[in-house]
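The values are calculated or read from the model by the stated rules, or taken from the named source; none is laboratory data. Because the structure is predicted, anything quoted here is derived from the model rather than measured. Glycine gets a Cβ as well: all are built from the backbone with ideal geometry, and neighbour counts include every protein chain shown. Just the protein is used for accessible areas: all its heavy atoms, side chains included, with ligands, DNA and RNA removed. Shrake-Rupley method; radii C 1.70, N 1.55, O 1.52, S 1.80 Å.
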Amino acid sequence: KARRVLGHGVWDQYFTFAVERNSWDKAVSCYARTAALKSVPPFSEWVQQCPVKSLTSFDLYTEDGQPIVNRVLRYERLAEELADVWRVLRVESPPALPRAKGTYRTADADWRALYTDAAIERVRQVCRREIAMFGYTFDGSR
């Protein structure tokens, strides 16, 4: 939307970036945030019925399956990759990386334990494009 509003000429003058995250981890995070705000079914049910946009943001930073931003950062290495962005942008004193929404789920909990085979497959199907582009796997390896 921003590129359409600004036009290609203005858009292309800026360094643009997005952040992507392991799709299965992202689904659990979205579930935890949603569950903190309202009553929801167990994760395995929720993931089957939640809107597709709750699971994927691929269309926000791509067009025809290709990124329209200069760079897509990986959430798993966000501090390191943001440091590269700050260098590109010549930001000498970058802001501290905030911890937003970090209270919705415990950091030490293994998100894989919430998954059934059907839930794994639902995320795999909905997020197949970013999984393919970034090599994400359910076990977190790459």
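Using a probe of 1.4 Å on the protein chains alone, the accessible area found for D12 is around 110 Å². Relative contact order of the chain, taken over Cα pairs closer than 8 Å and 6 or more residues apart, is 38 percent. To the nearest ten degrees, helix 23-37 and the longest principal axis of the Cα atoms of the chain are 70 degrees apart. Think of a 1.4 Å ball rolled over the protein heavy atoms: segment 1-120 then has 66 Å² of accessible area per residue. Estimated from helical segments only, the mean residue ellipticity of the chain at 222 nm is -12500 deg cm²/dmol, where each DSSP H run of four or more residues counts as -39500 (n - 2.57).
Taking Cβ atoms as reference points and 13 Å as the exclusive limit, the residues near E81 contribute a net charge of +1, counting Lys and Arg as +1 and Asp and Glu as -1. Surface composition of the chain: carbon plus sulfur atoms contribute 52% of the solvent-accessible area (1.4 Å probe, protein chains only, all chains present).
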